[in-house]
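Each reported figure results from applying straightforward, stated rules to the coordinates on display, with no laboratory input. Please read these numbers as outputs of a predicted model, since none were measured by experiment. Cβ: placed from backbone, ideal geometry, glycine included. Neighbour counts: every protein chain shown.
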Amino acid sequence: MSDAETLFERIIAGEIPSEKVYEDETTYAFRDIAPQARVHVLVVPKKRYRNLADLASADPQLLADVAAAAKKVAELEGIAETGYRVVFNTDRDAGQTVFHVHAHVLGGEQLGHFGR
Ligand code: AMP
């Protein structure tokens, strides 16, 4: 497995330090090392799937857990009322770099448009 596949497993295991925001039985959430907004937290299922499509096919309950954890993160970060964006980058054109599916939770300020 390449580093880009194992990075988040090593973070979840505590082998690589991270700033934890939330954790439950099936998910782990921590601050992005290169934040793209005032609040930028990654929500990662502890079990690894390559991307959103694989996760949705193989384990819809775990996908629901990730969505619930993203909501919890928004509440903990105080952005549930002001609004936030949840992004799953998938493969090349979206610029996915870590092939362990994760939700980006972005907010804490007015976000720009996205797309091209
Ligand atoms: P993506 O490009 O959607 O695959 O997102 C991967 C994200 O992981 C990027 O936003 C990176 O900034 C973030 N990242 C990479 N390494 C770390 C790390 N050690 N701790 C926290 N975030 C990281």
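Remarks
- Between helix 60-76 and the chain there is an angle of about 40 degrees, using the helix long axis and the longest principal axis of the Cα atoms.
- Charge dipole magnitude, Cβ of K and R +1, D and E -1 - the chain, Cα centre, debye nearest 20: 220
- Pair-distance profile P(r), taking every C-alpha pair of the chain, with 10 angstrom steps and integer %: 14, 48, 34, 4
- Between amide H atoms placed 1.01 Å from N, distances below 5 Å from VAL21 occur with ALA29, PHE30, ARG31, all of them 5 or more places distant or on a separate chain.
- Pairs of C-alpha atoms in segment 32-92 farther apart than 12 Å represent 71 percent of all such pairs.
- In sequence order, calculated HN-Hα J values of segment 47-54 (Karplus, 6.51, -1.76, 1.60; Hz; x Gly/Pro): 8, 8, 10, 5, 7, 4, 4, 5
- Taking Cα atoms only, the orientation of helix 3-12 departs from the longest principal axis of the chain by about 70 degrees.
- Less than 5 angstrom separates the built amide H of ASN51 from those of VAL101, all sequence-distant by 5 or more or on a different chain.
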